[in-house]
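Heads up, the thing below is written out as structure tokens.
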Amino acid sequence: MKTARIVVLGIAGVAGLAAMYLASVGDRKPAPIAPPVAQLPTVEVLVAKSDIGLGQSVKAEDIQWQRWPAETASSAFIRHDANANAINDVIGSIARAPFIVGEPIREQKLVKANGSGFMAAILPSGMRAISTEISPETGAGGFILPNDRVDVILSRRDKNLDQQGGRDIVTTEILLSNVRVLAIDQAPKEKDGNNSLVGKTVTLELKPEQAETLARARQSGTLALALRSIADVNEQTDETRDHAPKRGESIKVVRFGIPSSLTTQK
């Protein structure tokens, strides 16, 4: 009798557990099916595989093809569907501006040297590179770095012709405005991330007429560089300020409030 009772209780317990399991399974809702992810159209774009510094010659290991969303691929990017042999065309070019890892390669920032020197390769068409001496005092204490923008200031001391034995007259003027620094000494870029670079010579990027003005000014006084804000890069330059009076032209000089006219020698 006891055995039969135990068997009945066991069967009842198993049936109860089975009922509980079936009830819990019935309460579960099927997991929602995720909608398919839309695949955006892509193109292969040539990008920098590693950092490429200013003036660095591009090597095969510096660049690679990378998938890029077609909608955001600029027409300035080098695309595989437009030029499958672009890597061979780019190798050996010199970077006129630095590239960072993953940045798309653009032809506007590259130039073929064709045996020319580094400075001639990175110099924009129509511009000239001219150097002048500087010191920590005339070069903003060494805080002027390549690719910064500066004003060139000319200071000169003239004899006081109105009074015998009088003090000399010191005049100062902004000779050139908002010009780009190409190099300090022979360094066209920062060294090891330093935020100052003390040198004895600065190379400036100038227009031909500006180069002529600077060459004349070096013989007539002391030159100093004034560092400009990075926000002034796109500022329009006052062309009237960048041209010294040419020979034979009349200039107006004001001394002690009395204007007078002088003519430069022919």
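Considered as a group, the residues in the range 75-88 that are hydrophobic (A, V, I, L, M, F, W, C) and not in a loop (DSSP other than H, G, I, E, B) include one that is nearest to GLU103 (Cα to Cα), and that residue is PHE77.
Kindly indicate whether ALA120 is within 29 Å of THR213 (Cβ to Cβ), under 19 Å from the mean Cα position of the chain (by Cα) and of a type outside the set (D, E, K, R). So ALA120 passes the test.
Just so you know, in the range 45-74 the residues that are in a strand (DSSP E or B) and among the small types (Gly, Ala, Ser) include one that is nearest to LEU110 (Cα to Cα), and it is SER57.
The number of residues in the range 128-150 that are assigned to a loop (DSSP other than H, G, I, E, B) and buried (at least 16 other Cβ atoms within 10 Å of the Cβ) comes to 8.
This table checks each residue for (1) over 27 Å from ARG180 (Cβ atoms); (2) in contact (Cβ under 8 Å) with a residue 40 or more places away in the chain; (3) assigned by TED's automatic domain parsing to the domain that holds LEU204; (4) not hydroxyl-bearing (Ser, Thr, Tyr).
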| position | (1), (2), (3), (4) |
| --- | --- |
| THR72 | yes, no, no, no |
| ASN88 | yes, no, no, yes |
| PRO98 | no, yes, no, yes |
| GLU103 | no, yes, no, yes |
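When only residues in the range 20-60 that are surrounded by 10 or more Cβ atoms within 10 Å (Cβ to Cβ) and of a type in the set (Ser, Thr, Tyr) count, which is modelled with the lowest pLDDT? Only one residue fits best here, namely TYR21.
Could you look through the range 187-214, keep only residues that are at pLDDT 90 or above and either in a loop (DSSP other than H, G, I, E, B) or acidic (Asp, Glu) (or both), and pick out the one that is surrounded by the fewest Cβ atoms within 10 Å (Cβ to Cβ)? Here the answer is GLU209. Tell me yes or no: at least one residue of the range 157-180 is part of a loop (DSSP other than H, G, I, E, B), charged (D, E, K, R) and at pLDDT 75 or above. Within the range 157-180 (the criterion being part of a loop (DSSP other than H, G, I, E, B), charged (D, E, K, R) and at pLDDT 75 or above), the answer is no, since none of the residues qualifies. Please verify whether the range 222-232 includes one or more residues that are part of a loop (DSSP other than H, G, I, E, B), touching a strand residue (DSSP E or B) at 6+ places or on another chain (Cβ under 6 Å), at pLDDT 60 or above and more than 14 Å from VAL150 (Cα to Cα). For the range 222-232, residues part of a loop (DSSP other than H, G, I, E, B), touching a strand residue (DSSP E or B) at 6+ places or on another chain (Cβ under 6 Å), at pLDDT 60 or above and more than 14 Å from VAL150 (Cα to Cα): absent.
The values are calculated or read from the model by the stated rules, or taken from the named source; none is laboratory data. Just so we're clear, the structure is a prediction, and the values are computed from it rather than from any experiment. Ideal geometry is used to build each Cβ from the backbone, glycine not excepted, and the neighbour counts take in all protein chains shown.
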